[in-house]
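Okay, so here's the structure we're looking at.
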Amino acid sequence: MSNAVRLGLRANAGQFGLLVGLNALVGAMVGLERSVLPLVGRKEFALHSTAAILGFVVAFGAAKGLTNLAAGAFADRMGRKRLLVAGWLVALPVPLLIGLASSWWFVVAANVLLGASQGLAWSMTVLMKLDLAGPARRGLAMGLNEASGYLGLAASAFVTGVLAASYAPRTVIWVGALVLAAAGLLATVTLARGTSAHVRLEQGVDGAPSEGFGAAFVRASFADPVLRACNQAGLVNNLNDALAWGLVPLYLVARGNSLRQIAVVAAVYPIVWGAGQLGAGWLSDHTGRKPLIGSGMLVQAGALVLLVSGDGAFAPSLAAATLLGVGTAMVYPTLLAAVTDVAQPRDRGRAVGVYRFWRDFGFVAGGLVAGFGADALGSEATIAVVAGLTGLSGALVAATPVRSHERKEPRCVPSTVRADSGSRARTTRSSSGSRVST
């Protein structure tokens, strides 16, 4: 058996498939909370303030955003696998804190750890898949990654909501979290392999010297117009997700929906989101990134308008969740692929880390906007405001000029390393529509 390192989905099918499965477990950890945890805060802990209940979303987003940034900075130094293992280790105390919580702040603390775990584990599955796939299939690789995570999220959200009708909701959450964290840790330690050799192969001798982390953060956050557009779109997208996670269950239960109906709405959104990313990621490799991102944000805005106009009735809420999933599917993998289009392979960790930092601070913004907005203005007005922000985000993407970007074929490949035949002599489109030699 050859030990040569090759790029391409087919050449790395075993490890890629393992990472797909691991990311499904990562997503399922968050899905456990999606349909019932806000209701636990209101009923079991007697919280009347929506802002107080949504504190767990703010804590999750802040921890995940900062950990994404750190993970991106250290991924190339410490190795992807080590940080993936660390992500699962950080998740292990989460079920204990939720199960033994004597106040809501224990649940908030659990979500700090859950956010840190997600920042490490999800970031590493993203980077490892990009490393394995090579430049020709970034969109498809991210579609597969994000689809697995959000289908896992959807499945656990639905199962948790159904079981919570018969069992104590907190018990369902902490038992599920313990099983998922243990399974993810065991599979990562025993089966996952590092991908540093794949990064070296793709990088070759091409590209300018790697820039420092501070310079990379400033460039990706503010100076580069394409990356700046991706960051704001990612932030607003996750602002919407925070709304769906924290406020929508409360909005629906206040209008007479049952736990099972809420579970269906909470699950349909990420199911459509997850499954739709397979096609969206593939399509972005052929049509470019910008059209999918801009139009996807506008579709999300329309979904939120439908949610408000339906006044919380089950049928229009289900339709809105479906439409929100479609818009998010168009945006999510495409943004990740667009960011990596303009990054050197050796700088990929930092570029993705900065993007995911801003994107996941959307949870912080969403938790604050949804919580304080609902307390001050009411749920309907708050959702309408977020719909307007989402439409504006799509318009900003559409107005952002794109620049030409081209990566050269590596001119020097070590004799012990060869590229997959499916990854050579191929020409694809970057996010700007420029031709990229792969």
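The values are calculated or read from the model by the stated rules, or taken from the named source; none is laboratory data. Quick caveat: nothing in here was measured; it's all calculated off a predicted structure. Note that we place each Cβ from the backbone using ideal geometry, even for glycine, and neighbour counts take in every protein chain shown.
Descriptive notes on the structure:
- Failed condition for Pro401, given (1) modelled with pLDDT of 90 or more; (2) assigned to a loop (DSSP other than H, G, I, E, B): (1)
- Single unsatisfied condition, Ser166 versus (1) within 30 Å of Pro249 (Cβ to Cβ); (2) in a helix (DSSP H, G or I); (3) free of Cβ contacts under 8 Å to residues at least 12 places away in the same chain: (2)
Rundown of residues vs (1) under 19 Å from the mean Cα position of the chain (by Cα); (2) over 25 Å from Val30 (Cβ atoms); (3) part of a helix (DSSP H, G or I), yes/no style:
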{"position": "Val199", "(1), (2), (3)": "no, yes, yes"}
{"position": "Val218", "(1), (2), (3)": "no, yes, yes"}
{"position": "Pro249", "(1), (2), (3)": "no, no, yes"}
{"position": "Gly256", "(1), (2), (3)": "no, yes, no"}
{"position": "Leu278", "(1), (2), (3)": "yes, no, yes"}
{"position": "Pro291", "(1), (2), (3)": "no, yes, yes"}
{"position": "Gly296", "(1), (2), (3)": "yes, no, yes"}
{"position": "Leu304", "(1), (2), (3)": "no, no, yes"}
{"position": "Leu307", "(1), (2), (3)": "no, no, yes"}
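- Residues that are among the hydroxyl-bearing types (Ser, Thr, Tyr) and either under 29 Å from Gln232 (Cβ atoms) or touching a residue at least 24 places away in the same chain (Cβ under 8 Å) (or both), drawn from segment 74-115: Ser103
- Applying a threshold of 9 Å to beta carbon distances and a minimum spacing of six or more residues, or different chains, the list of pairs starting in segment 294-311 at a residue that is more than 12 Å from Gly394 (Cβ to Cβ) and without any contact (Cβ under 8 Å) to a residue 12 or more places away in the chain and ending at one that is aliphatic (A, V, I, L, M) and buried (at least 19 other Cβ atoms within 10 Å of the Cβ) reads Ser309/Ala320; Gly310/Ala320.
- Flag if Leu201 is surrounded by 17 or more Cβ atoms within 10 Å (Cβ to Cβ), at pLDDT 85 or above, farther than 30 Å from Gly294 by Cβ and among the hydrophobic types (A, V, I, L, M, F, W, C): no
- Some residue of segment 212-225 being crowded, with 23+ Cβ neighbours inside 10 Å and over 30 Å from Gly14 (Cα atoms): yes
- Condition check for Val126: modelled with pLDDT of 95 or more, farther than 16 Å from Gly31 by Cα, part of a helix (DSSP H, G or I) and not basic (Lys, Arg): no
- Across segment 1-40, the qualifying residues are those that are assigned to a loop (DSSP other than H, G, I, E, B) and at pLDDT below 85, and the one among them that is nearest to the chain's Cα centre (by Cα) is Ser35.
- Residue within segment 124-134 that is touching a strand residue (DSSP E or B) at 6+ places or on another chain (Cβ under 8 Å) and within 26 Å of Arg289 (Cβ to Cβ) present: no
- Note on segment 327-344: among residues that are surrounded by fewer than 24 Cβ atoms within 10 Å (Cβ to Cβ) and touching a residue at least 12 places away in the same chain (Cβ under 8 Å), the one that is farthest from Leu140 (Cα to Cα) is Gln344.
- Residue within segment 65-73 that is on the phi < 0 side of the Ramachandran plot, surrounded by fewer than 24 Cβ atoms within 10 Å (Cβ to Cβ), without any contact (Cβ under 8 Å) to a residue 40 or more places away in the chain and not polar (S, T, N, Q) present: no
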